[in-house]
Amino acid sequence: MTTGRVRKAIFPAAGLGTRFLPVTKAQPKEMLPLVDKPTIQYGVEEAIASGIEEVIMVTGGGKRAIVDHFDRSLELEHYLRLRGRDDLLEILKQVDVLSDRVRIVYTQQKEPLGLGHAVWTASKLVEGEACAVLLADDVILGDAEPCLKQLIDAHRKTGATVLAVRRFPRSQVGRYGVVVTDGSDGRLHNVTAMVEKPKPGTEPSDLAILGRYVLAPAVFNELERGTPGAGSEIQLTDAIMRTVGTHPVVGLEFEGDYYDTGTVPGYLRANLTLAMRREGLREELTPLLRELLGE
């Protein structure tokens, strides 16, 4: 089975970022830097590299910095130009060109009613098409095809809702949503159920759901019902689950390096790892790390 192109991607970015207080009191969590780029920029670059034509940012109050980041700053450009800082102008250009390569639109989630509600908020802009969803907390890099591109290719072949999944030790998998599968074709697994953050010893598999999805239109039909789930919020996994049996749902074990920036330890680990992989920074940091470790 084949289906049409996936042209649009939703970025839910309305969360309050309470795990990172007090810095997120006035700063969107999505704008916290990974080395020298905000986490959400990595996701937008991935969407562009995957052929996405329109990015839909679902924002909330206090998220103006996201809009400003992807807009031009003529005042800053003028300041740098007067001072002959062509090197910094080139860095700004690399950000500005993103909005030339993809259309970025914004819509507001007026209440924090869950991930499913944030995705549903963008449904009118999706216009009944299959659509990607990217969570900025999950940064996926590497030399392979972009993670989202891998999911889109799987959707084109199957027509299914596609979830990004990865194997974790069972001692860690309980931090995530976990899929129940029935049959596999290589890295592609037929999903029959999902369990959100299973208790230790009850994990149905070692395949965890990470923050990339391609949603078939049937999922948006279920989100339209507005049925609350855990925490009295509208859960995306619940809506996907209600399509199982009538519409295919698959999990794809993607290729790429995964960084979880949604917790303070994960965020710090991602920053350190990416900094150590960059020429110039690695040479600066290596002696410091050895000193801190007492080597």
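The values are calculated or read from the model by the stated rules, or taken from the named source; none is laboratory data. This is a predicted model, so every value here is computed, not measured. FYI the Cβ positions are ideal-geometry reconstructions off the backbone, even for glycines, and counts take in every protein chain you see.
Condition (residue is in contact (Cβ under 8 Å) with a residue 40 or more places away in the chain, touching a strand residue (DSSP E or B) at 6+ places or on another chain (Cβ under 8 Å) and among the hydrophobic types (A, V, I, L, M, F, W, C)) applied to segment 275-289: is it met by at least one residue?
As a first pass, look at segment 275-289 and keep what is in contact (Cβ under 8 Å) with a residue 40 or more places away in the chain: 275, 278, 281.
Filter once more, keeping what is touching a strand residue (DSSP E or B) at 6+ places or on another chain (Cβ under 8 Å): none.
No - not one qualifying residue is present in segment 275-289.
Within segment 155-184, the residues that satisfy the criterion of being touching a residue at least 40 places away in the same chain (Cβ under 8 Å) and buried (at least 23 other Cβ atoms within 10 Å of the Cβ) are 155, 160, 161, 162, 163, 164, 165, 179.
Taking the condition part of a strand (DSSP E or B), under 17 Å from residue 212 (Cβ atoms) and in the same structural domain as residue 131 (by TED's automatic domain parsing), does residue 56 pass? When the stated conditions are applied, residue 56 passes them.
Screening the candidates 64, 19 for the property of being out of contact with any helix residue (DSSP H, G or I) (no Cβ under 6 Å at 6 or more places or on another chain), surrounded by 12 or more Cβ atoms within 10 Å (Cβ to Cβ) and over 24 Å from residue 215 (Cα atoms) yields one hit, 19.
Among the residues of segment 142-154 satisfying the criterion of being within 27 Å of residue 32 (Cα to Cα) and modelled with pLDDT of 95 or more, which is surrounded by the fewest Cβ atoms within 10 Å (Cβ to Cβ)? Give the derivation first.
In the first step, residues of segment 142-154 are kept if they are within 27 Å of residue 32 (Cα to Cα); the result is 142-151.
Now drop any that are not modelled with pLDDT of 95 or more, which leaves 146-151.
Numbers: 146: 23, 147: 29, 148: 29, 149: 19, 150: 23, 151: 26.
Checked segment 142-154; the qualifying residue surrounded by the fewest Cβ atoms within 10 Å (Cβ to Cβ) is 149.
Assessment of segment 51-64 against the conditions (modelled with pLDDT of 95 or more, acidic (Asp, Glu) and out of contact with any Phe, Trp or Tyr (no Cβ under 7 Å at 6 or more places or on another chain)) yields at least one matching residue. Among the residues here, residue 210 does not qualify as in a helix (DSSP H, G or I) and touching an Asp or Glu at 6+ places or on another chain (Cβ under 8 Å).
Which residues, counting only those in segment 247-282, are of a type in the set (Phe, Trp, Tyr) and part of a loop (DSSP other than H, G, I, E, B)?
254
Among the residues of segment 85-100, not a single one is in contact with a Gly (Cβ under 8 Å, 6 or more places away or on another chain) and either of a type in the set (Asp, Glu) or assigned to a loop (DSSP other than H, G, I, E, B) (or both). Among the residues of segment 3-50, write down those that are part of a loop (DSSP other than H, G, I, E, B), in contact (Cβ under 8 Å) with a residue 40 or more places away in the chain and over 15 Å from residue 132 (Cα atoms). If the condition is that a residue be part of a loop (DSSP other than H, G, I, E, B), in contact (Cβ under 8 Å) with a residue 40 or more places away in the chain and over 15 Å from residue 132 (Cα atoms), then 14, 15, 16, 32, 35 are the ones that fit. Of the residues making up segment 215-225, those that are within 12 Å of residue 248 (Cα to Cα) and surrounded by 22 or more Cβ atoms within 10 Å (Cβ to Cβ) are 215, 216, 219.
With respect to the conditions (1) in contact (Cβ under 8 Å) with a residue 12 or more places away in the chain; (2) out of contact with any strand residue (DSSP E or B) (no Cβ under 8 Å at 6 or more places or on another chain); (3) surrounded by fewer than 18 Cβ atoms within 10 Å (Cβ to Cβ), residue 53 falls short on a single one, namely (2). So residue 222 ticks every box in (1) of a type in the set (Asp, Glu); (2) in contact with a Ser or Thr (Cβ under 7 Å, 6 or more places away or on another chain); (3) assigned to a loop (DSSP other than H, G, I, E, B) but one. Which box is left unticked? Residue 222 satisfies all of (1) of a type in the set (Asp, Glu); (2) in contact with a Ser or Thr (Cβ under 7 Å, 6 or more places away or on another chain); (3) assigned to a loop (DSSP other than H, G, I, E, B) except (3).
A single member of 144, 132, 136 is of a type outside the set (Val, Ile, Thr), over 17 Å from residue 193 (Cβ atoms), in a strand (DSSP E or B) and touching a helix residue (DSSP H, G or I) at 6+ places or on another chain (Cβ under 9 Å), and it is 132.
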